[in-house]
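Structure first, then comments.
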Amino acid sequence: MKHELKLYCDTTRLTDLRVFLNDILRDTSLSDIEQHQVTLAVDEVCANLIIHSHGCNPQEYIQVEVEKQNGILKIEIKDQGEGFNIIEYKEPEITQVKKAKRKGGLGIILVKRIMDKIEFEKIGSQNTCRLFKNLKSK
């Protein structure tokens, strides 16, 4: 079964995303900590899109689709904003981030460490970021 959420590009709507994910993840074999980690990863990708690709324009939206199939949780995040290929992102050295006292730059590192697989695709004006998490047998 596929679950879908139309997430308008306003950071205050990220609460809707968290509630949506919590309802779905509760019915998986993921531990509470893993559920929170997946929520954090999806929240980070969506927040970056809302802020950087859509300029917090509440007239625009991101489509989030979640599906559990064959022991895998697949989360598709689709938008029409400025594309950001998470796979090609070069991670900064954490010591450099700390030394420069930067506030940002660590979220994508977390996403890559939390999720088991990430895909990015751009077809025409639509960007799709797919995040995968392996589920344990219940």
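Computed quantities for the displayed model
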read-out: Pair list, Cβ < 7 Å and 6+ apart or interchain, from region 105-127 residues that are surrounded by fewer than 13 Cβ atoms within 10 Å (Cβ to Cβ) to residues that are at pLDDT below 90; value: Lys122/Gly83
read-out: Residue in region 55-76 that is surrounded by fewer than 18 Cβ atoms within 10 Å (Cβ to Cβ), more than 15 Å from the chain's Cα centre (by Cα), modelled with pLDDT under 60 and not in a strand (DSSP E or B) present; value: no
read-out: Residue within region 15-38 that is closer than 15 Å to Tyr61 by Cα and either part of a loop (DSSP other than H, G, I, E, B) or within 12 Å of the chain's Cα centre (by Cα) (or both) present; value: yes
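The values are calculated or read from the model by the stated rules, or taken from the named source; none is laboratory data. Note that the structure is a prediction, hence the values are computed from the model and not measured. Here Cβ is always computed from backbone atoms with ideal geometry, including for glycine, and neighbour counts include all displayed protein chains.
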